[in-house]
């Protein structure tokens, strides 16, 4: 598998040292079979993967976003899934969390996992502490990895 990568902050050499071929963002969209997003949500990145980008991606691309909700325009993604332009997506972050039983979460080409969790620390014997994770709401997705 060839790994390509884009990072506006890293020099090409640094990307190569990490085992990827440095490319432009447009080239990444045109060539990638899988696109995995790893960036913060800022004014510049909100909705970064929207209608215009999804029209330029390689047909049949698969998207993975575990970074921040809001990076992907969810309505545009839904449209691209419906037309087959995007073959599938794996998301564990959404613009609104928890997302509920939206059409996107229930889409047959979506894998939706849960990260919206309430954390509680429980003291065990002596000094040992254990982090217990409990979901705040039941997941409505039929293929939720959190079940």
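Would a scan of region 72-82 turn up a residue that is in a strand (DSSP E or B), modelled with pLDDT of 95 or more, touching a strand residue (DSSP E or B) at 6+ places or on another chain (Cβ under 8 Å) and closer than 13 Å to residue 29 by Cα?
The answer is no, given that none of the residues of region 72-82 is in a strand (DSSP E or B), modelled with pLDDT of 95 or more, touching a strand residue (DSSP E or B) at 6+ places or on another chain (Cβ under 8 Å) and closer than 13 Å to residue 29 by Cα.
Here is a list: 76, 67, 90. Which entry is crowded, with 16+ Cβ neighbours inside 10 Å and touching a helix residue (DSSP H, G or I) at 6+ places or on another chain (Cβ under 6 Å)?
76
Mind listing just one residue for me: the one in region 16-45 that is surrounded by 15 or more Cβ atoms within 10 Å (Cβ to Cβ) and within 17 Å of the chain's Cα centre (by Cα) and, of those, nearest to residue 96 (Cα to Cα)?
That would be 41.
Looking for whichever is touching a strand residue (DSSP E or B) at 6+ places or on another chain (Cβ under 6 Å) and outside any helix (DSSP H, G or I) here; the options are 95, 89, 43. Which one fits?
89
The values are calculated or read from the model by the stated rules, or taken from the named source; none is laboratory data. All values reported here derive from a predicted model rather than from experimental measurement. As a convention, Cβ positions derive from the backbone with ideal geometry for all residues, glycine included, and neighbour counts pool all protein chains shown.
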